[in-house]
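Below is one structure, written out as structure tokens; comments come after it.
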Amino acid sequence: MRDFIYLSRTRVERIAATLPPKVVARLRDVSFGLGVVSAGVTIDRDSASERVGNSALVAAISEVERAIRKDYEVLPYDDPGVTRGVWIEGIGVEMAYGVPDGSAKVRNAAVFTSSSQERAVMLGGSAAGLLDRSPDLPDPTHLMSNPQAIRELLRMLDGPLPDDSGSLYSYAISNLHASMASAGGLSRVSFLALAVDTPQGRHGENVIIALPLYVELAPLLRR
């Protein structure tokens, strides 16, 4: 059984809307929280139905992931060919994660980070997607559903950065990673995400900023 800690409701709905009608019908059969609105798919957002909504997301994620892997090439996140617009996956990656302190926009953002001399990675999305977080905030999807919002988040966390200073994002991600790892430690996770920016770091390291479809705890290695 998969142990999800983050699911993007927005991206699941968008991709589910492109699935064949028979697949959508099958998803509705296995979950009461999935419905059809016009030509799209919606998942129950009522906080009183949070358990139903999360069950619908989990039920839909396998079909959505299958559709992505069928229609797009999915590269390992550390593949040198990763560029913006490419789906990436990580398996058993040690990452820090949480909801940074700060302004209302920052508090509405969930981030997962990994930082080394070779690579700085940040997955960013709505805090509403954290399955272990109580829904005590208004739906922040509009704040963290596009690349510009993530760039703005990094500017708010690490001070103003000129638009042409993408290489400085590695420094912001490194600082954020150190802070979250110190506070909450590291978790071994797997993820599927859409790369939205891949600037070169100041010291030649690769920087990847991506929107996660899901993040799950990686199973423990058996001896």
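The values are calculated or read from the model by the stated rules, or taken from the named source; none is laboratory data. None of the values given here were measured: they were computed from a predicted structure. Don't worry about glycine lacking a Cβ; one is built from the backbone with ideal geometry, like all the others, and counts go over all protein chains shown.
For segment 180-223, the set of residues classified as in contact (Cβ under 8 Å) with a residue 60 or more places away in the chain and part of a helix (DSSP H, G or I) consists of M180, A181, A183, G184, listed by residue number.
Scanning segment 6-31 for residues that are among the hydrophobic types (A, V, I, L, M, F, W, C) and under 13 Å from L213 (Cβ atoms), we see that the one that is modelled with the highest pLDDT is L7. Exactly one residue out of V64, V99, V41, V93 is farther than 18 Å from L192 by Cα and at pLDDT 80 or above: that is V99. Restricting attention to segment 169-195, the residues that are aliphatic (A, V, I, L, M) and surrounded by fewer than 19 Cβ atoms within 10 Å (Cβ to Cβ) total 3.
For segment 114-130, state whether one or more residues are modelled with pLDDT of 90 or more, exposed (fewer than 15 other Cβ atoms within 10 Å of the Cβ) and outside any strand (DSSP E or B). No, because not a single residue in segment 114-130 is modelled with pLDDT of 90 or more, exposed (fewer than 15 other Cβ atoms within 10 Å of the Cβ) and outside any strand (DSSP E or B).
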